[in-house]
1. Report the calculated FRET efficiency for residue 72 and residue 10 (r = Cβ-Cβ distance, R0 = 41 Å), to the nearest 0.05.
2. Which shape class applies to segment 82-130: rounded if a/c is under 1.5, otherwise prolate when a/b exceeds b/c and oblate if not, where a ≥ b ≥ c are the square roots of the Cα gyration tensor eigenvalues?
3. Which of rounded, prolate or oblate describes segment 73-162 when judged by the alpha-carbon gyration tensor and an a/c cut-off of 1.5?
4. With a Cα-only, solvent-free Debye model of the chain, what are the log10 I(q)/I(0) values at q = 0.12 Å⁻¹?
5. Let me know the charge dipole size of segment 85-162 about its Cα centre in debye, to the nearest 20, where only the beta-carbon of Lys, Arg (+1) and Asp, Glu (-1) is charged.
6. Using only alpha carbon pairs under 8 Å that are at least six residues apart, calculate the relative contact order of the chain and give it in whole percent.
7. Add -39500 (n - 2.57) for each DSSP H run of 4 or more in the chain, then divide by its residues: what number comes out at 222 nm, to the nearest 500 deg cm²/dmol?
8. Between residue 25 and residue 87, what's the calculated FRET efficiency when r is the beta-carbon distance and R0 is 22 Å? Round to 0.05.
Amino acid sequence: MTELDPFTDALDYPLYVVTADVAGERSGCLVGFGSQCSIRPARFMVWLSKANRTYRVAARADRLAVHLLGRDQGHLADLFGGETGDETDKFSRTLWHPGPGGAPVLDEAPAWFVGRVESRVDGGDHVGFLLAPEAAEHPGGDGLRLLLLSDGVDITPGHPAD
């Protein structure tokens with residue numbers, strides 16, 4: 001337990017799937033730490049665990065794709081959060097297409113954006129990727145009920161959290 005736990009235990013924010021591709025090496029993971037961090041210029045920060053394969057691919061990537069999931073998409077959360085890319089080709093188990101700059105975009109995602117990596121920030125066991133959005137789509141419509149952190153508590157991580 002940390003000093004911050006009483007505060008963070010009260011939070012229930014969206015879960016994201018972040019994907020990356022470098023020279024045909026694709027990876028993706030479920031992410032609980034991410035947020036818009038600037039309006040002008042538009043910027044979004046997403047934090048990837050140093051323990052997982054997606055971090056190792058993203059560390060070399062120029063662009064990342066960030067996907068929102070709907071509450072009915074637990075199967076994607078299980079795939080990208082409960083499996084490790086060290087053992088599973090996640091992209092052979094879901095439909096996707098290359099987005100701007102080659103970043104993998106999940107076809108089932110009701111909303112996504114691709115951002116150019118502006119900088120990386122070491123935050124301890126996670127690294128923050130500051131993204132400058134280049135393209136975004138929200139084909140899911142306005143009635144989207146997001147998959148939240150509390151919806152993913154039963155997912156056993158593909159890699160330990162610490």
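1. Numbers: r = 25 Å, r/R0 = 0.62.
That pair, residue 72 with residue 10, gives E of 0.95.
2. Values: a/c = 2.38, a/b = 1.29, b/c = 1.85.
Oblate, because a/c is 1.5 or more while a/b does not exceed b/c.
3. It comes out rounded by the Cα gyration axes.
4. -0.47
5. Details: 5 positive and 14 negative charges, 42 e Å.
Charge dipole, segment 85-162, about its Cα centre: 200 debye, nearest 20.
6. Working: 338 pairs, mean separation 45.8, N = 162.
Answer for the chain is 28 percent.
7. On the way: 3 runs with 19 residues, N = 162.
Roughly -3000 deg cm²/dmol at 222 nm, from the helical runs in the chain.
8. Numbers: r = 15 Å, r/R0 = 0.68.
Efficiency, from the Cβ-Cβ distance: 0.90.
The values are calculated or read from the model by the stated rules, or taken from the named source; none is laboratory data. Just so it is clear, the structure is predicted and the values come from calculations on it, not from any experiment. Quick reminder, even Gly has a Cβ in these numbers, built from the backbone with ideal geometry, and neighbours come from all protein chains shown. Calculation scope for accessible area: heavy atoms of the full protein, side chains included, ligands and nucleic acids excluded. Shrake-Rupley method; radii C 1.70, N 1.55, O 1.52, S 1.80 Å.
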